[in-house]
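Trainee: Starting off with a structure, shown below.
The values are calculated or read from the model by the stated rules, or taken from the named source; none is laboratory data. Everything numeric in this text was worked out from a predicted model, so none of it was measured. As a convention, Cβ positions derive from the backbone with ideal geometry for all residues, glycine included, and neighbour counts pool all protein chains shown. Each accessible area value is taken on the protein alone, full model and side chains, heavy atoms only, with ligands, DNA and RNA left out. Shrake-Rupley method; radii C 1.70, N 1.55, O 1.52, S 1.80 Å.
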Amino acid sequence: MMEKLSVNIFEENYSRIKEEIALAAEKSGKAAEDIILLAATKTVDADVINHAIKSGIEYIGENRVQELKAKNDFYLPVHKHFIGHLQTNKVKDVIDKVELIQSVDSVKLANEISRLAENRGKVMDILLEINIGNEESKSGFCEEEALDAVYEISSLKGVKIKGLMAIPPICEDEKILRGYFYKMHKLFVDIGAKKIDNSSMDILSMGMSEDFSQAIEEGANLVRIGTALFGRRNYNI
Ligand SMILES: *Cc1c(COP(=O)(O)O)cnc(C)c1O
């Protein structure tokens, strides 16, 4: 059954967010079309997501393997990314279901993705997740490791690095927050300038419900938005 309330919330939020993205894009010298809006779909029913797809959402991101497995067969055609922490023993559950894995946070994980992709005769697009705030609680490559990681992972035949992803620390101070986004953008540009074989810095994925405008202004070209699109999550699901 379609949840009317969620759908109405979505419609209102979607048009407002599109306007905010266009405004932020303009401030950073980009066009609205240069920014990918990826709907973060955790805990949201497949029905509601399908409505969002019909309304124009072209990219969705799942962050839990179990949820992806449960909902995947119900989705209308859409670009699907995996955005959550992925254990190496779960790669087999996502590799045939998504077109890009944003959350590659170790060389070990990249190796396993590459191995399984090669078995299937394909190449998996990936982003490297950067722990830009050096937080203990978060996984990802630290800023200083990023370049070496790109060199090492780009030698794998079954993956292609398409860019970087980050979830900066939660912080109240907008200046500090922008500082993290700025550092990510600089890393993205610096690594891109090296023109490393089998890698390209096309996608800079950062910015969520609370901070996507700032992220775009600092250089993001893919934002991952959940709550601001679908309303507060129901964790009882
Ligand atoms: C849930 C999630 C988002 C979206 O977060 P909101 O604050 O709900 O917009 C973005 N990225 C990842 C990796 C997520 O898990």
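Trainee: In percent, what relative contact order does the stretch 1-109 have, based on Cα pairs under 8 Å that are 6 or more apart in sequence?
Mentor: Details: 120 pairs, mean separation 21.5, N = 109.
About 20 percent, as a whole number.
Trainee: Return the calculated 222 nm mean residue ellipticity for the chain, to the nearest 500 deg cm²/dmol, obtained by summing -39500 (n - 2.57) across DSSP H runs with n ≥ 4 and dividing by the residue count. Intermediate values should be presented prior to the final figure.
Mentor: Details: 9 runs with 96 residues, N = 237.
Rounded to the nearest 500, the figure is -12000 deg cm²/dmol.
Trainee: Within the chain, which complete DSSP H helices have Cα atoms spanning at least 30 Å along the helix axis and a mean Kyte-Doolittle hydropathy of -0.5 or higher?
Mentor: Working: long enough: 4-27 (35 Å, -0.42).
Passing helices, by number: 4-27.
Trainee: Of the trypsin sites (Lys or Arg not before Pro) in the stretch 128-237, which ones lie in a loop per DSSP and count no more than 15 other C-beta atoms within 10 Å? Spell out each step's value before the answer.
Mentor: Values: sites: Lys138, Lys157, Lys160, Lys162, Lys175, Arg178, Lys183, Lys186, Lys194, Lys195, Arg224, Arg232, Arg233; in loops: Lys138, Lys157, Lys194, Lys195, Arg232, Arg233.
The qualifying sites are Lys157, Lys194, Lys195, Arg232, Arg233.
Trainee: Test of understanding: given the chain, find the longest segment containing no GluC sites (Glu not before Pro) that are in a DSSP loop and have at most 14 other Cβ atoms within 10 Å. Display every interim value, and only then the final one.
Mentor: Numbers: sites that count: Glu3, Glu58, Glu99, Glu135, Glu136, Glu172, Glu210.
The longest such stretch corresponds to 4-57.
Trainee: Let me ask something else. For Ser209, what residues show an amide H to amide H distance below 5 Å, using hydrogens built from the backbone and excluding near sequence neighbours?
Mentor: Sorted by chain and number, the residues that satisfy this are Gly226, Thr227, Ala228.
Trainee: Answer rounded, prolate or oblate for the stretch 1-60, using the Cα gyration tensor with square roots of eigenvalues a ≥ b ≥ c: rounded when a/c is under 1.5, else prolate when a/b is larger than b/c, else oblate.
Mentor: Values: a/c = 3.02, a/b = 2.16, b/c = 1.40.
Prolate, because a/c is 1.5 or more and a/b exceeds b/c.
Trainee: Please report, in debye to the nearest 20, how large the charge dipole of the stretch 2-230 is about its Cα centre when each Lys and Arg carries +1 at its beta carbon and each Asp and Glu carries -1 there. Mind showing how you got there, number by number?
Mentor: Details: 29 positive and 39 negative charges, 149 e Å.
The calculated dipole for the stretch 2-230 is roughly 720 debye.
Trainee: Same structure, new question: Structure shown: which of Lys92/Lys138; Lys18/Lys90; Lys27/Lys162; Lys138/Lys175; Lys27/Lys97 lie over 32 Å apart, alpha-carbon to alpha-carbon? Please report the intermediate quantities before stating the final value.
Mentor: Numbers: Lys92/Lys138 23 Å; Lys18/Lys90 34 Å; Lys27/Lys162 24 Å; Lys138/Lys175 21 Å; Lys27/Lys97 35 Å.
Checking Cα-Cα distances, Lys18/Lys90; Lys27/Lys97 exceed 32 Å.
Trainee: Carbon and sulfur together cover what percent of the accessible area of the stretch 2-230 at a 1.4 Å probe radius? Walk me through the numbers on the way to the answer.
Mentor: Working: 5310 of 10750 Å².
Roughly 49 percent, rounded to a whole number.
Trainee: Return the single residue from Ser55, Ser213, Ser205 with maximal mean-square fluctuation; model: Gaussian network over the chain, springs between Cα atoms under 10 Å.
Mentor: Of Ser55, Ser213, Ser205, the most mobile in the Gaussian network model is Ser55.
Trainee: How many Å² of accessible area per residue for the chain, probe 1.4 Å?
Mentor: Details: 11740 Å² over 237 residues.
Accessible area per residue, the chain: 50 Å².
Trainee: What is the set of long-range amide H partners of Met165 at a cut-off below 5 Å, with H atoms built 1.01 Å from backbone N?
Mentor: Leu128, Glu129, Ile130, Ser205
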